[in-house]
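Please treat every number below as a calculation from the coordinates, not as lab data. The shown structure was predicted, so the numbers you read here are calculated from the model rather than taken from an experiment. Quick reminder, even Gly has a Cβ in these numbers, built from the backbone with ideal geometry, and neighbours come from all protein chains shown.
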Amino acid sequence: MDKLILLDNNLKMNARLLFVVLMIAGGFKSMDVHAVESAPNCSRAENRGISSTSNDGSHIRCEVDLKLTPEERQRYEVLVNIIREMNKTSPIQWKSIFLRQRGVELSRAKFILTELFLENSPLNLEIARKQREILQVNLWNIYLHLYDSFLMFSDGYREIFALAHNVLPKRGVIGVLGYGSGNDAASLAALAPGRQIVGVDSAKDAYPIAEEKMHLLSERLKVPPAQLIISDLADYEPDQLLDGAIMNNVLYSIGAKEPDLAKRRALRLELLKKIYKYMKPGSTFALNDPNLMGREKLHDFLERSAESGVKNRMVITEEGFALNCYVNIQFLASGNLMMEKSERESLVKEAGFIIEQQIETYYGTSTMMVLKKPASHS
Ligand SMILES: C[S@@+](CC[C@H](N)C(=O)[O-])C[C@H]1O[C@@H](n2cnc3c(N)ncnc32)[C@H](O)[C@@H]1O
């Protein structure tokens, strides 16, 4: 118990430190935190082969085999090492207290990463007090590092990319819509170097992280350089039609600032129709998005992420905890951004896609839709 109290104090101190760092880091940009909800979604090993729903509503088996070949695994490890290196040299030093304090047991780590994120702990109160100021900070920069220090070490998050790898073509132009810190782009390229990655993201802070990651990957694995651009998806016009595309944890944030639900739906539909237009007939679109979820599901998600994070030697810090704590509180408060599966189904169908499979991902908190643009459509 002593150890936990000590840790809590450290966290509290570091929340203050984080705030100071954030203020100094500058680049202040007003942003809607609803659009940066944390913990997106992934599937568990036991979810492999779960039943999914076909377009006509009947249940089909998911045929996707998530097992990677030894060579693919090796290539993936190269990417994970790049992420470790990038985090080491980031302006904010991400050093894991779990790694330093090897005495911390998994059960304690899990407790810290779940209970502290969700309870009225001193840390959370501290962060709540700073909420207004933090909202004015360029949160994406920090948040995207959190993606690389926490999520990328979660089996659930990685499984989304393994799944996408299996359903997307191994060659051709692959659109990565909302690339963030570049993990989806880098994973797809690492696993099949025949893919030409074309990425779009509106966050200026996402670009340098994703660019550096793809550059290092290209050097070490000889994958073709990715074409990453900074643009709102609504304004993006590709030079050529896409052979496949992935959009992971982006759709729910479209129209985040629009309180009118009908208008928000219209914005999401408009984007899906646009994506449909720039995909080749017969091509596949892997759309992963979080589902509406309550506290219990989020708690379970955090616990499972923490467990695999510890196992995979994540590089998260006290500052990371503080931020994730804050973001998750916001996440609960902004639950209405997420869609029920039925709502998402009606959107993609209206945009013209055929739903081939739906697979529960990210510890049951989100769903990957494997969508097809009909081959006959020109
Ligand atoms: C939660 S992150 C997911 C990043 C990445 N797909 C991954 O899984 O690691 C969402 C990303 O979508 C981007 N995004 C959200 N709305 C966008 C829009 N309208 N146009 C372009 N990018 C957008 C954000 O900038 C952010 O980088």
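Across region 193-209, the residues whose backbone nitrogen lies under 15 Å from the label position 7 Å along the beta-carbon direction of Lys257 are 202-204. With neighbours defined as other Cβ atoms within 10 Å of a residue's Cβ, the residues Val315, Val176 order from fewest to most as Val315, Val176.
Whole Å is fine, so just give me how far the alpha carbon centre of region 182-207 lies from that of region 236-250. Centre-to-centre (Cα) distance: 11 Å.
Order by neighbour count: Val167, Val370, fewest other Cβ atoms within 10 Å first, most last.
Placing the least packed residue first, the sequence is Val167, Val370.
Structural descriptor for region 172-311: relative contact order 24 percent, calculated from alpha carbon pairs under 8 angstrom and at least 6 residues apart. Here the extension length gained between Ile229 and Leu267 equals 11.5 nm, from 0.36 nm per residue of separation less the Cα-Cα distance. Loop-located trypsin sites (Lys or Arg not before Pro) in region 217-311 (DSSP state not H, G, I, E or B) with no more than 13 neighbouring Cβ atoms inside 10 Å: Lys222, Lys257. Pairs from the table (Lys280/Lys373; Lys257/Lys341; Lys297/Lys349; Lys170/Lys280; Lys273/Lys349) lying more than 18 angstrom apart at Cα are Lys257/Lys341; Lys297/Lys349.
Summarising the amide proton neighbourhood of Gln196: residues at separation of 5 or more, or on other chains, whose placed amide H is nearer than 5 Å comprise Gly172, Val173, Ile174. Extension gain for the segment Gln240 to Glu340, taken as residue separation times 0.36 nm less the Cα-Cα distance, is 32.7 nm to one decimal. Summing Lys, Arg as +1 and Asp, Glu as -1, what charge do residues with Cβ under 14 Å from the Cβ of Ala375 carry, Ala375 excluded? Around Ala375, the surrounding residues sum to +1. Local charge for Ala210 was computed over the other residues whose Cβ lies under 12 Å away, with Lys and Arg +1 and Asp and Glu -1, and equals -4.
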